[in-house]
Amino acid sequence: MRHIQDKRDGAWNVQPLSGVGATKTYVCPGCGLEIGVGVAHTVTWRADGIMGEVNDLAARRHWHLHCWKLKS
Ligand SMILES: [Zn+2]
């Protein structure tokens, strides 16, 4: 489930979210398009602690699965 991935800009917490758990729409920062209700996607927040965990969690972003995979 939740794990940490290294990207070029640092370490990220990655939490996969099932379609059942996706009850709101979000805008994906990768492509700028909407993630619809019921679409499985991934939630990410920084894991390198620069801003502190509470701030990191508050700044979490929702990504399409493929957009997150493509992120460098
Ligand atoms: Zn996307």
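The values are calculated or read from the model by the stated rules, or taken from the named source; none is laboratory data. What you are looking at is a predicted structure, and each value in this text was computed from that prediction instead of being measured. Note that each Cβ is placed from the backbone with ideal geometry, even for glycine, and that neighbours are counted across all protein chains shown. Surface areas here come from the heavy atoms of the whole protein model, side chains and all, with no ligands, DNA or RNA. Shrake-Rupley method; radii C 1.70, N 1.55, O 1.52, S 1.80 Å.
Listed by chain and number, the aspartates and glutamates whose alpha-carbon sits under 12 Å from that of LYS71, ignoring those within fewer than 8 places in the same chain, are ASP6, ASP9.
For TYR26, nonlocal amide neighbours, meaning residues 5 or more places apart or on other chains whose placed amide H falls under 5 Å from its own, are ILE35. Can you compute the label reach from ARG2? Point 7 Å from Cα along the Cβ direction, backbone N cut-off under 17 Å, restricted to segment 13-31. In segment 13-31, the label zone of ARG2 (backbone N under 17 Å from the point 7 Å along Cα→Cβ) covers 13-18, 21-22. Report note on the peptides 47-58, 31-42: ranked by the mean count of other C-beta atoms within 10 Å, highest first, their order is 31-42, 47-58.
To the nearest 20 Debye, how big is the dipole of the chain about its Cα centre, given +1 on the beta carbon of each Lys and Arg and -1 on that of each Asp and Glu?
Working: 9 positive and 6 negative charges, 28 e Å.
Dipole about the Cα centre, nearest 20: 140 debye.
When nucleic acids and ligands are ignored and a 1.4 Å probe is applied, ARG46 ends up with an accessible area of around 60 Å². Distant-in-sequence amide contacts of ALA11, defined by a placed amide H-H separation under 5 Å and a gap of 5 or more residues or a different chain, comprise ALA47, ASP48. Using C-alpha pairs below 8 Å separated by at least 6 residues, the relative contact order for the chain is 31 percent.
Here the Karplus relation 6.51 cos²θ - 1.76 cosθ + 1.60, evaluated at θ = phi - 60°, turns the backbone of segment 50-65 into coupling constants of 4, 9, x, 5, 4, 5, 4, 5, 5, 9, 5, 10, 9, 10, 4, 4 Hz, with x for every Gly and Pro.
Taking a point 7 Å out from the Cα of ASN55 in the direction of its Cβ, the residues of segment 4-43 whose backbone N falls within less than 17 Å of it are 10-13.
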